[in-house]
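The values are calculated or read from the model by the stated rules, or taken from the named source; none is laboratory data. What you are looking at is a predicted structure, and each value in this text was computed from that prediction instead of being measured. Counting neighbours? That spans all protein chains shown, and the Cβs are built from the backbone with ideal geometry, glycine included.
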Amino acid sequence: MIELFAANTPNGKKISIMLSEIGFEYKLTKIDLDKGEQFKAAFKEISPFSKIPVIIDHENNNTIFESAAILIYLAEKSGKFYDKDNKLKINQWLMAQTGYIGPMLGQHHQFHHYNPGKSKFGEDRYFKIAKRIYQELDERLSKFKFLSGDYYSISDIATFPWIARHQWHDIGLTHYKNLTRWYNNISERKAVLKGFSFIDKDDFPPKP
Ligand SMILES: N[C@@H](CCC(=O)N[C@@H](CS)C(=O)NCC(=O)O)C(=O)O
């Protein structure tokens, strides 16, 4: 049995969507980030940087932090969404999500959505980078159905919940037709909808 430690954020949703996609039953332990539960000593034991998501696989007592490592673990355990002949591509798009897309869009959330008016430099910088990311993803998706190629993979699962924050980004998702096509396609998956609402049953990916 898998235990998922998470909050209702894009990084938390990556793993709930994956668990839903592979049909693994899991137990959810909510971590209230606003209350600072991520800094409790017991949580730090399994998450050295005090971040969600984390999983414990109670079948073998493996504990795993970092969403990309968790996605790879679950993909290998289930044999799904990590095509052995396409790992090189999937790894690149997965690492680009955790190393670039997530952190940059996260900064855009901080300056544009949560703290407008506090730093013109921060707002301009991350707005520009967020638009660039939309453009880069759109270019990739003009050539391929999914980020890593022809098939839906853990790189799409990692990226989707971040694009699902498109209203906060204020960029206009529909201006990017390939990214919109990809987003709509993934939004229609039953497992995605189930995973997306893992904490709030009324939560769903907003329409472009
Ligand atoms: N690189 C990490 C990022 C995880 C992350 O940033 N988690 C945020 C929530 S979305 C968090 O736990 N923040 C709490 C904190 O930093 O205090 C991953 O991909 O798992």
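Do the conditions hold for PHE49, that is, is it within 12 Å of the ligand (Cβ to nearest atom) and buried (at least 18 other Cβ atoms within 10 Å of the Cβ)? The answer is no for PHE49.
For the criterion of being more than 28 Å from LEU173 (Cα to Cα) and not charged (D, E, K, R), GLY99 fails.
Does LEU137 qualify as being of a type in the set (A, V, I, L, M), in contact with a helix residue (DSSP H, G or I) (Cβ under 7 Å, 6 or more places away or on another chain), at pLDDT 95 or above and in a helix (DSSP H, G or I)? Answer is yes for this residue. A Cβ distance below 6 Å, combined with a sequence gap of six or more or placement on separate chains, defines the contacts here; from the stretch 1-21, residues that are over 12 Å from ALA191 (Cα atoms) reach residues that are among the basic types (Lys, Arg) and more than 9 Å from the ligand (Cβ to nearest atom) in the pairs GLU3/LYS27.
Here the stretch 22-39 is the region considered, the condition is being touching a residue at least 12 places away in the same chain (Cβ under 8 Å) and within 11 Å of the ligand (Cβ to nearest atom), and the residue that is farthest from MET1 (Cα to Cα) is LEU33. Is it true that PHE81 is within 15 Å of the chain's Cα centre (by Cα), more than 16 Å from the ligand (Cβ to nearest atom) and either within 20 Å of GLN38 (Cα to Cα) or surrounded by 18 or more Cβ atoms within 10 Å (Cβ to Cβ) (or both)? Taking the combined requirement at face value, the residue satisfies it.
Output yes when any residue across the stretch 104-113 is part of a helix (DSSP H, G or I) and exposed (fewer than 12 other Cβ atoms within 10 Å of the Cβ), and no when none is. Within the stretch 104-113, not a single residue is part of a helix (DSSP H, G or I) and exposed (fewer than 12 other Cβ atoms within 10 Å of the Cβ). Considering only residues in the stretch 1-21 that are under 15 Å from ASP203 (Cα atoms) and among the aliphatic types (A, V, I, L, M), the one that is farthest from the ligand (Cβ to nearest atom) turns out to be ILE17.
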